[in-house]
Structures are given as C-alpha cells and as structure tokens.
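One structure is given below, encoded as structure tokens.
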Amino acid sequence: MLARTDLRGADVTLSQLRRALPRGGTDINSVLPVVTPVVEAVAEHGAQAALDYTAQFDKVRPASVRVPAEVIADARRQLDPQVAAALEEAIRRARLVHAAQRRQTTVTQVVPGGSVAEKWIPVGRVGLYVPGGNAVYPSSVVMNVVPAQEAGVGSLVVASPAQADFGGWPHPTVLAACALLGVDEVWAVGGAQGVALLAYGGTDTDGRELDPVDLITGPGNIYVTAAKRLVRGVVGIDSEAGPTEIAILADDSADPAVVAADMISQAEHDVLAASVLVTDSAGLADAVDAAVAEQAAATKHAERVAAALSGPQSGIVLVDDLETGLRVVDAYAAEHLEIMTRDAQAVADRVTSAGAIFVGPYSPVSLGDYCAGSNHVLPTSGSARYSSGLSVQSFLRGVHVIDYDRDALADIADRVVTLAQAEDLPAHGEAVQARFGGAR
C-alpha cells in the first residue's frame, strides 16, 4: 500500500529532495472558475445568494443564516455528558496554552524625548470557519475560538455548513461546542458561499444585518480554500489550507504498530490526506508496511484510508541515517511531525520546519487534535517552512506608536532631510523643516 522512496546512498540537493518526496496537494486554480461566480454573487446579493447556493450544494435551505439562540441552547442541553466533559477539558487546556501567548506593549526609548512603542490591538471582528464533510469538528470550534477570545477579539462569528439531517442548522455537536465557549453568533452556511458571506456580509431573512468580518480563519475543502484566496485583500485570511498530513521520523526503536496507527489516523480524514514515514531502518519500514495493511483493513473508514495511503502523497522514505532524516523532514515541512527515535527530545530540538512537533511515542497527533492544549489549525503543503499555526498572534495587529518631542526631532532632522533628498523625495524633508520655520 505504501510506496517507497529510497534515498540511501544518494547525494541530493535541496531542490531534488523536494521533488523526490511524496507530495499530493490540490490544484486550487482548477476550481476557481466554479468558485468565482459564487463569491461574486454573494458579494452582490448577500445572504439571499448564499442561501441559494446552500440549497444547491448542500440540498437544504435553513430558515435563516443566523442560527436561533434556542437551537444553540437545545444542542448544548442534548449534548452527551461525556462529550461535554471532554470538550470542557480541551477548552481548559487550550486556554492555558493560548493565554500564555498574549503579548504586552513594549516601549523603546530611542533617544531622550523620542520613543517607539509597539502595542497589540485585536482584530475587530473575525469569522471562524468550521468545516462539515466527512467528519464532525467541534474540536475546530475550540481551536479557532479560544485563541480569538484570548487575543481579546470583541466580535466573532462561527460559520459551519447547513445540515439537511439537522433541520438546516450546523451539526448539533458543533453548536454545543459554540455554547460551551460562549459563542452566540453562528451562521448556517458553509463552502465558498459561507466564506464570501463572511467577507461581504448581508441582510438575513429576518432583516437582521450580518456584519462582514475583518479576518477569516479555519480549514476547509478546496472550494473553501479557493474562496479564501478570492476574498483575500477584502479581508485577511489565516492560510490556504491543503489536505492534512503527518510525517514520522523514526528509527528501529519505534513500535511499528504505533507508527502504522498514527499514519492511519491522519489518512481517515480524506482520500487526499498524506502519511509519510522517514526512517533509516529497512526493518522498521517492512514492519510498518505489514502493520498498516492489517490495521487499515480493520478500521471503520477502510476505503478512505486505503485511498489516502496508496496515493502519491503518502509513502515511506528510506535514508542512510537520522542526520539525513532530519534534512528530509525539514525539506518536507509537515503539518504534523512525530519524532519516534531514541532521545526523541534531542532530535526534535533540531527540527526547523514543521507545523507542530510531537515528541516520543506518547505524544500522538491525535492528542494535539483534541486535548494537548496546542492548536490543530496548522500550515500544510510545505508552508510550515515560512508560516505558523493559528495562535493568539493570528488575531493581533502590532502597531508602532512614535512619540518624539521638539528637541528629539531637531536632533535627527538633518539626517531625515539627507535621506529624503537621496530618495528624490524632497517634500519629505520639507515636512520636517516646516516644524522649525523652514530650512535649517
């Protein structure tokens, strides 16, 4: 089921390495002709167009975009107590981690009488997208809402697809998670039309305004991602998320059954999900192959898992040693990277590119998906080389505050004028000179 890439004895450049590694991904450009008219229609016609497309794509038309308060409250009352307890613990741990990410204003005294401060201002209003599709994602509610709340965002809305099985409202477990977090504004709209409505706003069926947001975060399918690309600039977005992925760097000390289980756990998300093992042990590779075949056949979503694991995005990469293995995983820059080696912490400390790093056999990606306290909205498709996962910082804007008095400006005025003239922008210098009665 798992293809092999054998790099043993090879001396490959970085560009060759990136080409050689298993990689899937999606072609967002291919769906833009479908998504662009949807976004344009919602931009022009607002909620009416969004509901029309919801009826077309999701085969249901909710009575309103905004989910009534009593529907959210009912979902909370009917939530399985064990699920409620698990979500509450996930929320508690996420708050602990994200509260520690808050940033304070810093003030630098550049010269006597001249200072530059950097203060952090929350985004005014955010739209948090929670997907539907193959699974139910109350955990994504937690991962989006908690950092926004801890950043101090004053207004937020959760958007999640309307479900024909639940009266046109989002899945009740998603609604219950919103209730546990104190979120009272939830929109029953998903897909490209949901993203567009978050960006442009509109008027609901009952006449209430659906205010547009300033920033959209959260994962979704290729149509959601394409819509985020189209509205970027009208609003901010966190990223263009691709299919989920796991890479595991392991040596012969790893338990092949555990490695196989973790690869399968990501493969059950989507037929495009990527599961990659990087190892210097041919024996481990063989054992993982056998364990994957056995476990995949017995898992609930066996067909989906088999498609993901046999796709070009998944496989086993054989290397000469862990040093080369580290180079490989840094080049791959996985969304989730597990380290299952001897002295795993020391190996993990040397990784430079990953969305999140899971150290040792008792830190599986599944823990991070739900209850580690970390965030599971992470960079995909190699973008962990230059971007970060969702955090409190995602919802903050750093603003410089410049405060110079007369003497401090006078002391540097000649340098400002010199640089303005060097750039052939003399009015810049004249704006400084005007404060001192003209040329100095």
Assuming S381 fulfils every condition listed in (1) among the hydroxyl-bearing types (S, T, Y); (2) in a loop (DSSP other than H, G, I, E, B); (3) crowded, with 18+ Cβ neighbours inside 10 Å; (4) in the same structural domain as T13 (by TED's automatic domain parsing) apart from one, which condition is it? (4)
Could you check how many residues of the stretch 395-421 are among the hydrophobic types (A, V, I, L, M, F, W, C) and touching a helix residue (DSSP H, G or I) at 6+ places or on another chain (Cβ under 7 Å)? 8
Selection count where residues are among the polar types (S, T, N, Q), touching a residue at least 60 places away in the same chain (Cβ under 8 Å) and surrounded by 19 or more Cβ atoms within 10 Å (Cβ to Cβ), scope the stretch 124-172: 4
Being within 30 Å of V328 (Cα to Cα) and surrounded by 18 or more Cβ atoms within 10 Å (Cβ to Cβ) is the filter here, so list the residues in the stretch 393-412 that pass it. S394
Cβ-Cβ distance below 7 Å, separation of 6 or more or different chains: which pairs start in the stretch 271-297 with a residue that is assigned by TED's automatic domain parsing to the domain that holds E338 and end on one that is of a type in the set (S, T, Y) and assigned to a strand (DSSP E or B)? A285/T279
Which of the helices (runs of 4 or more DSSP H) found entirely inside the stretch 4-94 contain at least 1 residues meeting this: at pLDDT 95 or above and not hydroxyl-bearing (S, T, Y)? 32-45, 47-58, 69-77
Scanning the stretch 116-144 for residues that are under 13 Å from L215 (Cα atoms) and hydrophobic (A, V, I, L, M, F, W, C) gives V123, V126, L128
Which of the residues belonging to the stretch 297-346 are more than 16 Å from A282 (Cα to Cα), of a type in the set (S, T, Y) and in contact with an Asp or Glu (Cβ under 8 Å, 6 or more places away or on another chain)? T299
Being touching a Phe, Trp or Tyr at 6+ places or on another chain (Cβ under 9 Å), in a loop (DSSP other than H, G, I, E, B) and over 13 Å from A151 (Cα atoms) is the filter here, so list the residues in the stretch 95-119 that pass it. T105, G113
Check on G368, under 30 Å from L128 (Cβ atoms), under 42 Å from the mean Cα position of the chain (by Cα) and modelled with pLDDT of 95 or more: yes
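The values are calculated or read from the model by the stated rules, or taken from the named source; none is laboratory data. On a predicted model such as this, the values are computed, not experimentally measured, just so you know. Ideal geometry is used to build each Cβ from the backbone, glycine not excepted, and the neighbour counts take in all protein chains shown.
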